[in-house]
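Visitor: Pasting a structure below so you can have a look.
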Amino acid sequence: MLADLHTHTCRSDGADGAAAMVAAAEAAGVAVVAVTDHLTLPAAMDPTCACSVAEGDLGTLASEVAEAAAGSPVEVLLGFECDWYPGCEANIARWSRGAELLLGSVHWIGPQEGGAWIDDPDDLHVWEELGPDGVWRRYGEAWCAACESPAGFDAMAHPDLPFRFANEGLAPAMDLTATFSAMAECAHDTGRRIEVSTAGLRKGVGAFYPCGGLLDAFVRAEVPVTFGSDAHRAGDVAWGLGRAHAYAWEHGVRAQEVPGRDGWRSVPL
């Protein structure tokens with residue numbers, strides 16, 4: 001069963017509309033697809049809505065997803081990728097009304113004012129200031145805080161995102177074993193699911209998110225798994241999901257968690 005629970009349209013930082021994404025999902029044989037544009041962000045973090053849905057466009061996005069779903073054999077869910085940052089919970093509750101899936105993610109470390117994106121290839125100042133080990137330490141703390149948040153995240157997206165620039169001279173020197181164990185324990189203790197994402201294979205990481213070591217830690221902690229392409233264009237919907245299933249199986253994953261309007265279910269791989 002193919003379920004792509006992480007896609008973006010042109011309402012946030014994607015290239016295509018909801019109709020094109022759903023059509024691509026149908027062509028790829030996907031059973032369930034979630035449109036998960038980046039939820040609206042405070043102006044201090046995204047002043048021009050370059051990467052998130054403008055507040056005024058939230059209703060339009062919901063209508064576009066509903067129209068794309070009408071008559072499609074694919075089960076289409078309206079979701080959002082919700083960035084965690086200190087104090088985000090009220091904003092998420094207000095801006096995500098009506099969503100059927102919430103992905104939690106950490107791209108931003110620090111307060112709204114004075115924080116920084118960790119995956120912006122055009123602005124690496126936080127990597128230069130903190131160094132890779134410092135970024136990883138701050139990220140691990142933020143990721144666990146996101147898991148512990150009452151924001152209601154259904155799954156945590158691309159859990160080891162700081163590997164984004166590991167092949168560009170920004171790999172950590174520290175042993176991440178303790179960080180991975182803490183993340184896995186936190187996900188288990190807070191009842192979170194984690195996402196196996198194919199995006200790293202397309203973005204220079206050369207590997208799935210999460211890496212084998214972190215996925216092993218999640219498996220040992222019995223953390224449930226979802227799958228997503230993190231597609232930002234129609235051509236990437238469901239990209240590599242079959243390979244991701246095989247990868248997860250090799251690391252001991254035996255089922256994927258799949259949402260629907262009747263709730264979540266566990267589907268054997």
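The values are calculated or read from the model by the stated rules, or taken from the named source; none is laboratory data. Owing to the predicted nature of the structure, the values given are computational and were not obtained by experimental measurement. Virtual Cβ from ideal backbone geometry, glycine too; neighbours counted across all protein chains shown. Ligands, DNA and RNA are stripped out before the accessible areas are found, and what is left, the full protein with its side chains, is counted by its heavy atoms. Shrake-Rupley method; radii C 1.70, N 1.55, O 1.52, S 1.80 Å.
Visitor: Relative to the compact-globule scaling 2.2 N^0.38 Å, provide the ratio for the alpha-carbon radius of gyration of segment 219-269. Walk me through the numbers on the way to the answer.
Guide: Values: Rg = 12.1 Å, N = 51, 2.2 N^0.38 = 9.8 Å.
Compactness ratio reported: 1.24.
Visitor: At 0.36 nm per residue, and after removing the present C-alpha to C-alpha distance, how many nm does the segment from residue 19 to residue 43 gain when stretched out fully?
Guide: 5.8 nm
Visitor: Can you pull out the GluC sites (Glu not before Pro) in segment 32-124 that DSSP calls coil and that have at most 11 other Cβ atoms within 10 Å? Don't jump to the answer; show the numbers that get you there.
Guide: Working: sites: 55, 64, 67, 75, 81, 89, 100, 113; in loops: 100, 113.
Sparse-neighbourhood loop GluC sites (Glu not before Pro): 113.
Visitor: Per residue, how much accessible area does segment 1-151 show when a 1.4 Å probe rolls over the protein heavy atoms, in square angstrom?
Guide: Here the residues of segment 1-151 average 38 Å² of exposed surface.
Visitor: So how much slack lies between residue 67 and residue 265, counting 0.36 nm per residue of separation and subtracting their Cα-Cα distance, in nm? Before the final figure, lay out each step's value.
Guide: Numbers: separation 198, 0.36 × 198 = 71.28 nm, distance 2.53 nm.
That works out to 68.7 nm of additional length.
Visitor: Taking all protein chains as present, what is the carbon and sulfur share of the accessible area of the chain, in % to the nearest whole number, probe 1.4 Å?
Guide: 50 percent
Visitor: Ranked from highest to lowest mean number of other Cβ atoms within 10 Å per residue, what is the order of the peptides 9-20, 201-212?
Guide: Averaged packing, sorted descending, gives the order 9-20, 201-212.
Visitor: Continuing with this model, one more query. Report the residue, chosen from 239, 249, 143, that carries the largest GNM mean-square fluctuation when the chain is represented by alpha-carbon nodes joined by springs under 10 Å.
Guide: Answer for the Gaussian network model of the chain: 249.
Visitor: Continuing with the same structure: Report the full-extension gain for the segment residue 250 to residue 113: residue separation times 0.36 nm, less the Cα-Cα distance, to one decimal in nm.
Guide: Contour length minus the Cα-Cα distance gives 45.1 nm.
Visitor: Also, quick follow-up: Just to confirm the filter: which trypsin sites (Lys or Arg not before Pro) across segment 81-170 are DSSP coil and have at most 11 other Cβ within 10 angstrom of their Cβ?
Guide: Those satisfying the criteria are 97.
Visitor: Turning to a different aspect of this structure: What whole-number distance in Å separates the alpha-carbon centres of segment 210-242 and segment 1-71?
Guide: 19 Å
Visitor: Follow-up. Let me have the 222 nm mean residue ellipticity of the chain computed from DSSP H runs of 4+ only, each contributing -39500 (n - 2.57), with the sum over all residues rounded to the nearest 500.
Guide: Computed mean residue ellipticity for the chain: -10000 deg cm²/dmol.
Visitor: Something else: Among bridges DSSP assigns within the chain, what percent are antiparallel (round to 5)?
Guide: Restricted to the chain, the bridges split so that about 25 percent are antiparallel.
Visitor: Using the basic label-point model (7 angstrom from Cα toward the beta carbon), what is the residue 173 to residue 128 distance in nanometres?
Guide: Distance between the two pseudo-spin positions: 1.9 nm.
Visitor: Considering the values (i) 12.7; (ii) 14.2; (iii) 17.4, which represents mean projected area of the Cα convex hull in nm² as calculated for the structure under consideration?
Guide: (i)
Visitor: Related question: Which loop trypsin sites (Lys or Arg not before Pro) in segment 240-269, with loop taken from DSSP, have no more than 15 other Cβ atoms within 10 angstrom of their Cβ?
Guide: Of the trypsin sites (Lys or Arg not before Pro), the ones in loops of segment 240-269 whose Cβ has at most 15 other Cβ atoms within 10 Å are 254, 261.
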